[in-house]
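In what follows, a structure is listed as structure tokens, so that the remarks can point back to it.
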Amino acid sequence: AAAAAGGAGAAAALWSEVNRCGQNGDFARALKSVNKILQISKDDVTALQCKVVCLIQNGNFKEALGVINTHTKVLTSDVIAFEKAYCEYRLNRIENALKTIQSASQQTDKLKELYGQVLYRLERYDDCLAAYRDLIRNSQDEYEEERKTNLSAVVAAQSTWEKVMPEDLGLREATYELCYNSACALIGQGKLNEAMKKLQKAEAFFPFALIFLQDVTEEDIEAELAIIHGQMAYIMQLQGRTEDALQLYNQIIKLKPTDVGLLAVIANNIITINKDQNVFDSKKKVKLTNAEGVEHKLSKKQLQAIEFNKALLAMYTNQADQCRKLSASLQSQSPEHLLPVLIQAAQLCREKQHAKAVGLLQDFADQHPANAAEIKLTMAQLKIAQGSVTKACMILRSIEELQHKPGMVSALVTMYSHEEDIDSAIEVFTQAIQWYQQFQASQTRRANPKSPVHLSLIREAANFKLKHGRKKEAISDLEELWKQNPKDVHTLAQLISAYSLVDPEKAKVLSKHLPSSDTMSLKVDVDALENSHGATYVRKKAGKLTGDNQQKEQGQGDVKKKKKKKKGKLPKNYDPKVTPDPERWLPMRERSYYRGRKKGKKKDQVGKGTQGSTTAGSSELDASRTASSPPTSPRPGSAAAVSATSNVIPPRHQKPAGAPATKKKQQQKKKKGAKGGW
């Protein structure tokens, strides 16, 4: 009895210690006391609960969950459901946490709060929104602001990832978290300018009281603001301000924030800006996306985007095997997603395996008809790159949901025209026009006026047929257009022009419908038009003429009459007694007496013989001894030779039989500014 009393007294002292340490927040010391209590009574439910709480407070979630699973008989789900679910949630066992919460017999407020967090992590945003609304409606405590913040985060996630138009929750944006979540919702709607203003407001709300705390630097504050600045940079990137976005991204990375999710997103966005350039920097940044715990910080779509960019980076860095491995893994995770198969096809094209790439895309289109349109557009692009325009047209025409679209019709007509296949181009127009006729008939039984797109297609078809000489085929289209709008003079003129080549009588009848010249006269101010900027001819303004100017103006007609034609100048050495050469206007090579250039023998003798010896005709090669030697052409950069007045008759005034006259010796000017050098 005495021993039992002593044990009870020791246990009471230990419980007192546990209570005191718990109030002081010293859970490590409290855990020691609890362990001593469990040595006395190993199945004490209260002691086991306290131990689990102490372990959770110390961050030992795995050990706490181990205690719960070890003592399942004592710690039933009704007793410790919240602690078990919380440990599973913190260990990223989200599905297990959801099962634990749902299996609890009583849904306490704590479990409901945790339930909302679990649903958010599972990206079940509709259920999460309903859970938080219920909590806000039925709870009144100091955590109301946090619940509203979580509610706004759910709405932002719906807008961003599910493209759901967010409803107005009527939340007063009194904190920077609420402003930030509101900005994220606006980004999901594409309202980037409004989102930027919200982020600036969130930055202004940031608690700058941290500045007055000790041991807090500006870098610490910037690290806290990093998530807001990262979202600002993202908006800049979406707006095309890539340089500003890149600068802000790099500033955030230099601060080394502890949030691995934020760093992974920023690194991914930098990689998207770099694209196929600056791949060395991209390979460094991709390491940040592989940090431990990233997969638990980001949504599924964010993780998927990062994996896509890793595959593209592997392709840009010529890591073909790595690219194929990543894209194949992505395709197995999301079989209906387009990007994995497009990346594989792009890699095959880089390896010059175009036929294999087209086959891969065709297989995907057959397996997933819902996504076949985009795949077939890519196939057509590959065929055009190979020069197979006709095959590309066949692929495009197989996309039934796009056949009637104006862009598709324009592309097909252009391609068929390039291949000079006019019949196929006209067939494309006909099919598109028929589609609109059938669509209009299915909408209403009444004969409503045709849609603008329908009329535009008919007009383009008529213009195309007229351009390629298909007058008879164009007439029916023009008549249809004129029937829709009888006041359209342009269509009527085209119709008359077409009939004039086929049925002139019909053209005359239709010409009566043209408006008269009086009704078509345009009230145009000719003077204003001529004086307008851009007119090719501007009439000079008439000014006042003085007496002399008037006489000058009056006498201009006489001056023009008296003006005589100038006589052509004759050469100075022209001799009227000598008959001009009738072939003087022809080039020398085309004249009848041209015999070609004579090859002199002197040129052949230059440089022959032993070194230093002189030939017999060396004196004849000396230009200084020949008075009549013609001057040579000056070398580039040397002073040009000035020729004296020559008495030689030009060839066009000289007969072939005439003897050549001697030329005067030409003197060369000395080169000015010449200096001697070593």
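General observations
- Only residues that are under 21 Å from the mean Cα position of the chain (by Cα) and small (G, A, S) were counted in the stretch 225-252, giving 3.
- Close pairs from the stretch 256-272: first more than 15 Å from K297 (Cα to Cα), partner open to solvent by less than 10 Å² (accessible area, probe 1.4 Å), Cβ under 7 Å, at least 6 apart: N269/Y249; I270/Y249; I271/S282
- Hey, G261 more than 27 Å from Q239 (Cβ to Cβ), among the small types (G, A, S) and not assigned by the TED database to the domain that holds L342 or not: no
- Helices (runs of 4 or more DSSP H) completely within the stretch 290-404 that count 2 or more residues being open to solvent by less than 40 Å² (accessible area, probe 1.4 Å) and within 27 Å of L262 (Cα to Cα): 300-316, 320-333, 338-350
- Among the residues of the stretch 275-289, those that are in a helix (DSSP H, G or I) and not hydrophobic (A, V, I, L, M, F, W, C) comprise D281, S282, K283, K284, K285, K287, T289.
- Hey, Y436 touching a helix residue (DSSP H, G or I) at 6+ places or on another chain (Cβ under 9 Å), farther than 30 Å from G359 by Cβ and of a type in the set (F, W, Y) or not: yes
- Cross-chain or 6+ apart pairs with Cβ under 6 Å, the stretch 42-70 first and open to solvent by less than 20 Å² (accessible area, probe 1.4 Å), then among the acidic types (D, E): V52/E83; L55/E63
- Filter pass, A183 being in the same structural domain as D78 (by the TED database) and either open to solvent by 20 Å² or more (accessible area, probe 1.4 Å) or in a helix (DSSP H, G or I) (or both): no
The values are calculated or read from the model by the stated rules, or taken from the named source; none is laboratory data. Just so it is clear, the structure is predicted and the values come from calculations on it, not from any experiment. With ideal geometry, Cβ positions are generated from the backbone for all residues, glycine too; neighbour counts draw on all protein chains shown. Just the protein is used for accessible areas: all its heavy atoms, side chains included, with ligands, DNA and RNA removed. Shrake-Rupley method; radii C 1.70, N 1.55, O 1.52, S 1.80 Å.
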